[in-house]
Amino acid sequence: MAVPVGRKVLLDTNVFIDYLRLGAHAQWVTGPAQRTVRFLSSVVLMELRLGADTLPRRRAVDRIKGAFPAQRLIGPAPDLFDRAAVLFRALHGDGRGLRDRLGIVNDLLIGLSAWRIGATVVTANVDEFARIQRHLPGLSVVPPSP
């Protein structure tokens, strides 16, 4: 793990998807936490639930949710939605021409939630989060694999 001991981490949706599909990133999802505290974003949970189109997939999402105590399931506070809109405009203007605005908004909410609690985002989507990071000083982002 490329995160200092004693750090909070928030795992992005793609980390869980790669884990469920390929068994990748197990060190982040189920590995020994030592002094790293994992958080689950309600936005990530929503994205996982939206993709859970079969009973086994729904059960997998239930297991992920169940692995996180209630105090480590975090959601964006109301003020972060406004800030996400401001950041979206700064990054993408009016958003015309974007194929997937919802995914970008979700990434903004995930990044802002992590930033609010001082957690590092663990994501395979480092490029998008690096763009967010340029407008959100203090946001920490790392890929799941070295």
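The values are calculated or read from the model by the stated rules, or taken from the named source; none is laboratory data. Please read these numbers as outputs of a predicted model, since none were measured by experiment. Don't worry about glycine lacking a Cβ; one is built from the backbone with ideal geometry, like all the others, and counts go over all protein chains shown.
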Here are some residues: LEU108, LEU102. Which one is out of contact with any Leu (no Cβ under 9 Å at 6 or more places or on another chain) and aliphatic (A, V, I, L, M)? LEU102
Output the qualifying pairs, or none if there are none: Cβ atoms under 6 angstrom, residues six or more apart or on different chains, first residue in segment 76-99 and within 19 Å of MET46 (Cβ to Cβ) and assigned to a loop (DSSP other than H, G, I, E, B), second residue aromatic (Phe, Trp, Tyr) and at pLDDT 95 or above. none
Filter segment 87-118 down to residues that are within 17 Å of GLU128 (Cβ to Cβ) and loosely packed, with under 12 Cβ neighbours inside 10 Å and give me whichever is nearest to the chain's Cα centre (by Cα). LEU102
Selection over segment 20-35 where residues are under 22 Å from GLY75 (Cα atoms) and buried (at least 20 other Cβ atoms within 10 Å of the Cβ) yields a count of 1
Quick check on segment 109-126: of everything there that is assigned to a helix (DSSP H, G or I) and out of contact with any helix residue (DSSP H, G or I) (no Cβ under 7 Å at 6 or more places or on another chain), which residue is farthest from ALA77 (Cα to Cα)? VAL126
Inside segment 32-44, can you point out the residues that are in a loop (DSSP other than H, G, I, E, B) and touching a residue at least 24 places away in the same chain (Cβ under 8 Å)? GLN34, ARG35, THR36
Spot the failing condition for ARG35; the list is (1) under 21 Å from ILE117 (Cα atoms); (2) touching a helix residue (DSSP H, G or I) at 6+ places or on another chain (Cβ under 9 Å); (3) of a type in the set (Lys, Arg), and only one is missed. (2)
Between a residue in segment 129-146 that is at positive phi and any residue that is at pLDDT 95 or above and not in a loop (DSSP other than H, G, I, E, B), which pairs come within a Cβ distance under 8 Å, given they are 6 or more apart or on different chains? GLY138/TRP115
